[in-house]
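Inspection log for the structure reproduced underneath, given as C-alpha cells.
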Amino acid sequence: MSSKNYHILIVDDDTEFHQQIRYAFRRQFLFSGAVNEQQLFQKLEEESDFDLLLLDLVLDDTEAKKGLDLIPQVVSQYPELPVIIVTGDRSIDTVVTAMKLGAKNFLVKDDFDFDYWEQRFTEVIEGSKLKQENRELRAEVDRRRALENEAYPFIGESPQIKEIKRILKLVSEEPDVTVLITGETGTGKEVAARYLHAHGARSKGAFQAVNLSAIQDTLLESTLFGHKKGAFTGASRDMEGYFSQANHGILMLDEIGDIDQNIQIKLLRFLETKLIRPVGSDQDIHLDVQVVTATHRDLSAAVQQGRFRADLFQRLKAMVIELPPLRARRDDIPLLLGHYFQEPDLSKVMTEGALEAMLEYSWIGNIRELKNAVSYAQLRARIQDKKLIDERCLPVEILNSEPIIPVVMQGNPAGGEMGAAPAASPASPKNIDEEHALIDLDRIEKLLIQKNKVKKDVAIAIGLENTDNLRYRIKKHFDKHPHLFANFPTISQSYRRIVKL
Amino acid sequence: MRIVLLVEGGRRAPQALFTQCAEWGIELQRINLEQDDWTNELEKAYGLMLMLPTWGANAYLSPVALWQQYLQKAAPDIRLIMASFQSDFQHSNHLDILRLTDYSTSWWEQCQLVGHMEELPPLIGVDLSEKLSRFFAGHGQDSIVAVLSRIRLVVQMASRELSKMDTPYDEIYRDLVEPAELAQKWREWRNRWINYYPLFEHTPIATRLKQIAKQTDGVEAWMAAGGKDEEPLRDGSILQVLNEVRTRLQQIENQYVVQKLSHTYR
Amino acid sequence: MIKARTIVVVWSWNRSGLGEGEWHIAGSNHIEDRVVCLDRPASPNALDTLTEVLTDYSRDGGEVMLFLHRHHGYFQDHLKSLIHLPLDDSHGQVQCFLFGEGADEIYLTSNARGLLGTSGTFTANMIFEGQQVESSAIASGERRELKASHFNYVWQAYRQALRRRIYELKEDVLATLAQALPDTVFAPGEVYQVLNLPVNRVLLLRLLSFVGRIRKHSDLAREIRTFERNSNRTLTFDDCGIQLETTHGQAAAEQHAVLAAYILRNVLAKGGEVSILELREKFEELLLQISGLTYHS
C-alpha cells in the first residue's frame, strides 16, 4: 500500500467511472473530479495541489475528442501538472497525437489492470516531480553561479584590463586550452579565471577553484583526484576529487608553484591524456576539464632550480595571462572602490583626502588589500560615527603611504629575479617568500581583529574552505618564518598551539 | 480433382454450380463454419468460393473483406472466388452464376491468389468489416466491447477487493457493485450482442463468436442477479470468463481490425 | 446548410401515456432533427393535419419521413395523396411509409436500433435465446430526448428502404430461378409454376406486391402481413411506383413500370418466355435509377 497519497484530478463525463476509480484506488490516492472543461479549469484554479490529471479523451457524448483539445491548454497553463489520457479509443493516431500534445502516458479503459494503472500513476507523478526538482535545482545552480560571478566581478576599464578581458574572451572560445594566470598576490587571478569561465563554452559547467597552498601536502593528491574507500586511514568511503567535480567545466589551481613533484607528475599526466586515477584505485577516469593555473611565483626560476618540472611548465604556459599589479592601473582604483563601497559616487562615501590617499597608496596586496582596506575604513567610520570616511578611518599604512611591508619590486614577479634583499628589520622581509608571508599574515591579523577572532569568518574572508585550511596556512608560515609572528599578536594569541614564540 | 471449399452463406447454391465445377475438374465442397475443424480443410484446398452476398440477420451481407484478411494469413496461396448473381462485377475472381458456361478451366488459372488479390470493387451488402470495427469501437453506443469492458472493470475491482484486500463483500457490493447496475449493463451487452452475433455466421470468426456466446451464458445468471452472489467472484470464475471472452475478442480485433494500441495485451 | 430531418409517426401514443408531441435527438449533429408523435386515426381532419405538418416541417429544404400506422386506418391511398402534396422547390423531400404489426424496421423488435417499442412507446422487451432483453430508443425521458443512433439508423434504413427491398427481391428471385440452371430460359408459364410451389409462396406474394396486385384488406394482404410478422421483415411494396417517383424521379418510376409489366406478363402469367438474364437486366436497370446505398453499416 502506497503511503504517498498523491492527489489526482479525474476529468471524465462518466460519473460512474469517477466513482469506480475512487473506490478502487481509495487507499493509494486522493481524487477530485470534474465532468467537463469548465469544471476542470475551475478546479485547477481553486486548488493547486494536484499531482496528476487523468483526462478522458472524449468528454462528451459525441465522437469529438474534446479531451485532446484540452491537453495543450493544460500543459501550457499548468506545466508542472502531468497528464495521463484515459481512452476507450485505442487508435494509434489518437494516442500519438495526445502524446505529442504533451500527455505523459495513456491508459485504456478496456485494459483496466489495477497494478498497471497504479504503477503508471506513480511513475508519471514521480517522474514529473523529479523533473521539476531537477529544473529547480538547475535554476538554483544557475542562480548561485550568477551570484558567484557577481561576487567576483572583473572590474576595470584601464587599457591593461580591457586588453586582458579581450584576450580572456578569445581564449574562452578554446575550451581545451590550458591557461596560466600570473600576477602578484591579490591581483584577481581567480576573478580572471571566473571571467574566462563565464564567457566561454564551459559556462554551463562547474567552476572549481582550489588554493593548492592551503591544502596539506599529504591530502593534496586525494583532494585533487579523489580516493577509493580504504585507500588510506580515514578513507571511509569513495570520494570525488576536485577534478571530477569540475568535469565539463573549469578547474582553477591557484598557487600552482607550491605543488610537489608527485602532484606535478599527475597533473602533467592529466594534461597529456585527460586521465586521472583516484588514490587507491586501479582504474583511470577520463575527464573533460579545462585547467587554469595561477601563481605569483616565478615558475621559470623554479624550473631552473629543479623545483618545478620543465615539461609541466611547458604545458601550463600554453596560454599565459599576466595580471598587472594595482599600482600599474591606478585608473581602476576608483571603480574598485565604488564596487566595494557599493556606491559608484565616491563623494557620498569618503572625503577627498581619503580618496586621494587611497589613490596614491602603493597597494602591495593589490585588490585584496584594497578590499580589506574598504572593510576596515567602513568599520572605523561606524566606530567613529562618521558619515563620510576620512583619512582617520583609513589603515595607518595608507595614511603613512608606506605599506607594512616595504616594497622592493624589481621587475615582474612572475619572471623576474628574486630581488635583492632589503635592509633587515624585524618586519622587513628577507626575500619574496617572506614578503608575501608578511602580507598574508598582516591580512589575517586584521581580519581576526575585524571578525572578533571568529576563525570561520576569517577563513571565508580569505577565500579558504574551512578553519583547518586557515590553521594549516598559519602553521606553514610559522614553520618557514617563525620570526615574523612577533608582529602579529592576535594570530599568536588565537593560534597558541602553533605559534610558540 | 482440385478441391474448392464452398461457403453458401445462408443461401442455396444451384446444383448446376457443382456440376459445372466438376466439368472444370473442381470438386466443390460445402463447409460448415459451425464446426471447429473446418480450418483443416484449407490445407488441401485450391480455392474457397463465397456465394455473395451472404444472408443473415434479415439482410444481405458482405463478408469478403473479412475472408480476404483471414485467408491472407491462413492460406495465402488459395484462390478466393466470389460467386454472385451480379452481372457487372469487375474482378478476375468473380463468377457470374447465371453465366457459368461462359467460363472455362483456364479461368481458374487466371484467378488471383488471395495473397495478391487486386482491390475489390464496392460490394452490395452490409459491410461486415465496418460492422466488426464498430463492434470494437472505443466509444459510442455501438461498441459491444465497450460495454463488456465496463462490466469487467467492476468485476475486476470487486474481485481484487475480495481476494487481495479482504474487504467484506457487503461493503464491496454496496460501494461498487450495486451502483454499477450490472444487471442493466448485462442487458445492454445482450442487446448489442444480438445485434452483431448473427451477422458473422458465415465468416471465419463464427466459431470464436459461438465460443464467446457459450461462455457468456455461463455468467448470465450471476449478472442478471446484479452480482449479489459473492462466491463466483471469490472463486474467480466470473472474472475468468470475462477475461477469456476479452482475450478472444482481442484476438479477433488483432486479426481483422486496424491495429490498435493496448498497453496490456495479455 | 444542414437540413432539418423530421420523422413523423402516427401511432397509438396516447394509449401508452407518452402522448403527442415532439422529441429531440440527443447528441445529433443535426440540431433540427426531431421525432413528432401524432395519434390521429385516419380521417379527413387527420389528413388535413398531416398535410399541414408535412408542409411545415419540409419548409426551407427540411426532409420529412412520415410513418402511418396501418391500424390507425391508413393505407395506400392515403400515401398517394400525401406524397403528391403540391409543395414547391423550397420544400425538402417528403417520404411516406405505412407500418404496422411489428414487422417493420422502425420497430425495436425488428432491430435493436429501431425507434418504436411496444404500444406507443420507445421501449421494447424481447426474448433472445431464452433471455429477456430490453431495448430503448430513449436517451432522456425527462428532457424528451431520443438516441441519435436510433434516429439515424431508422432514417438511413428508410431512405434506402425501397432500394434494399427491390435488391432483395431481385436476389431472391434469381436464386430461386437459378436452381434450374444451366437452363436460363423458361417456357411461358413455367416460372409461375415454380413460384406456386409452397416453398416459394412468400416470393410470389412479394412479386405481386411489387407489381401492385395485392389489394388492401385482401386475403393476400393478410397473408403477406403474417409472413412479415413472422420473419420480422418488411416485404411489401406499398405503392412502389409512386414512392419511386417522388423519391428517385420519373426515370425510376418508368423503369419500375417496365419491370412490373414484364413480371406481370411473363412471370406471373403465361404471356411469354422468361429469360433469367433478361429479368436480371431489368432489375439491374431499375436499381441503377435508385441512387444511394443498398445497405448501410
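The values are calculated or read from the model by the stated rules, or taken from the named source; none is laboratory data. Quick caveat, the model's predicted, so the values are computed rather than measured. Neighbour counts run over all protein chains shown; Cβ positions are idealised from the backbone, glycine included.
Results, tabulated for the structure shown:
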| item | result |
| --- | --- |
| Test: residue in the range B:172-188 that is of a type in the set (Phe, Trp, Tyr), in contact with a Lys or Arg (Cβ under 8 Å, 6 or more places away or on another chain) and in a helix (DSSP H, G or I) | yes |
| From the options A:299, A:316, A:326, A:335, residue that is of a type in the set (A, V, I, L, M, F, W, C), surrounded by fewer than 22 Cβ atoms within 10 Å (Cβ to Cβ) and touching a residue at least 40 places away in the same chain (Cβ under 8 Å) | A:335 |
| Residue in the range B:181-189 that is surrounded by 20 or more Cβ atoms within 10 Å (Cβ to Cβ), of a type in the set (A, V, I, L, M), in contact (Cβ under 8 Å) with a residue 24 or more places away in the chain and within 14 Å of chain A (Cβ to nearest Cβ) present | yes |
| Enumeration of residues in the range A:100-124 that are of a type in the set (Val, Ile, Thr) and more than 11 Å from chain B (Cβ to nearest Cβ) | A:122, A:124 |
| Pairs where the first residue, in the range C:169-181, is more than 8 Å from every other protein chain (Cβ to nearest Cβ) and the second is β-branched (Val, Ile, Thr), C-beta under 6 Å, 6+ apart | C:177/C:276 |
| Residue selected from the range B:24-38 under the condition assigned to a helix (DSSP H, G or I) and in contact (Cβ under 8 Å) with a residue 60 or more places away in the chain, by the criterion nearest to the other protein chains (Cβ to nearest Cβ) | B:36 |
| Qualifying residue in the range C:87-101 (condition: closer than 28 Å to residue B:58 by Cβ, small (Gly, Ala, Ser), modelled with pLDDT under 90 and in contact with a Ser or Thr (Cβ under 6 Å, 6 or more places away or on another chain)) | no |
| Hits in the range A:102-119 - residues which are closer than 17 Å to residue B:155 by Cα and crowded, with 19+ Cβ neighbours inside 10 Å | A:108, A:109, A:110, A:111, A:112, A:117 |
| Matching residues, the range B:198-212, being within 13 Å of chain C (Cβ to nearest Cβ) and surrounded by fewer than 20 Cβ atoms within 10 Å (Cβ to Cβ) | B:198, B:210 |
| All positions within the range A:24-49 that are within 14 Å of chain B (Cβ to nearest Cβ), surrounded by fewer than 18 Cβ atoms within 10 Å (Cβ to Cβ) and over 23 Å from residue A:129 (Cα atoms) | none |
| Test result for residue B:247, within 30 Å of residue B:5 (Cβ to Cβ), hydroxyl-bearing (Ser, Thr, Tyr) and modelled with pLDDT of 90 or more | no |
| Index of the failed condition, residue C:73 passing every other in (1) small (Gly, Ala, Ser); (2) closer than 30 Å to residue C:230 by Cβ; (3) in contact (Cβ under 8 Å) with a residue 40 or more places away in the chain | (3) |
| Per-region count, the range B:1-23, residues among the aliphatic types (A, V, I, L, M) and within 14 Å of chain C (Cβ to nearest Cβ) | 4 |
| Among the residues listed as C:275, C:209, the single one being touching a residue at least 12 places away in the same chain (Cβ under 8 Å) and under 28 Å from residue C:74 (Cβ atoms) | C:209 |
| Yes/no for residue A:59 being within 14 Å of chain C (Cβ to nearest Cβ), modelled with pLDDT under 90 and crowded, with 16+ Cβ neighbours inside 10 Å | yes |
| Every residue from the range A:120-133 that is of a type outside the set (D, E, K, R) and surrounded by 16 or more Cβ atoms within 10 Å (Cβ to Cβ) | A:121, A:122, A:124, A:125, A:128 |
| Residue within the range B:26-37 that is within 20 Å of residue B:207 (Cα to Cα), in contact with a His (Cβ under 6 Å, 6 or more places away or on another chain) and surrounded by 15 or more Cβ atoms within 10 Å (Cβ to Cβ) present | no |
| Residue B:154, sole failed condition from (1) buried (at least 19 other Cβ atoms within 10 Å of the Cβ); (2) more than 8 Å from every other protein chain (Cβ to nearest Cβ); (3) over 30 Å from residue B:69 (Cα atoms) | (2) |
| Boolean, residue A:257 is within 19 Å of residue A:275 (Cβ to Cβ) and either exposed (fewer than 15 other Cβ atoms within 10 Å of the Cβ) or in the same structural domain as residue A:286 (by TED's automatic domain parsing) (or both) | no |
| Filter result (modelled with pLDDT under 85 and under 20 Å from residue C:248 (Cα atoms)) within the range C:39-76 | C:76 |
| Tally of residues being out of contact with any strand residue (DSSP E or B) (no Cβ under 6 Å at 6 or more places or on another chain) and under 21 Å from residue A:68 (Cα atoms) across the range A:22-56 | 9 |
| Residue, farthest from residue C:274 (Cα to Cα), within the range B:65-119, restricted to residues that are under 25 Å from the mean Cα position of the chain (by Cα) and basic (Lys, Arg) | B:73 |
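Residues are listed down the side, and each one gets a yes or a no for (1) surrounded by fewer than 16 Cβ atoms within 10 Å (Cβ to Cβ); (2) out of contact with any Cys (no Cβ under 8 Å at 6 or more places or on another chain); (3) modelled with pLDDT of 85 or more; (4) not hydrophobic (A, V, I, L, M, F, W, C):
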{"residue": "A:451", "(1), (2), (3), (4)": "no, yes, no, yes"}
{"residue": "A:455", "(1), (2), (3), (4)": "no, yes, yes, yes"}
{"residue": "A:458", "(1), (2), (3), (4)": "no, yes, yes, no"}
{"residue": "A:466", "(1), (2), (3), (4)": "yes, yes, no, yes"}
{"residue": "A:471", "(1), (2), (3), (4)": "no, yes, yes, yes"}
{"residue": "A:477", "(1), (2), (3), (4)": "no, yes, yes, yes"}
{"residue": "A:489", "(1), (2), (3), (4)": "yes, yes, yes, yes"}
{"residue": "A:501", "(1), (2), (3), (4)": "yes, yes, no, no"}
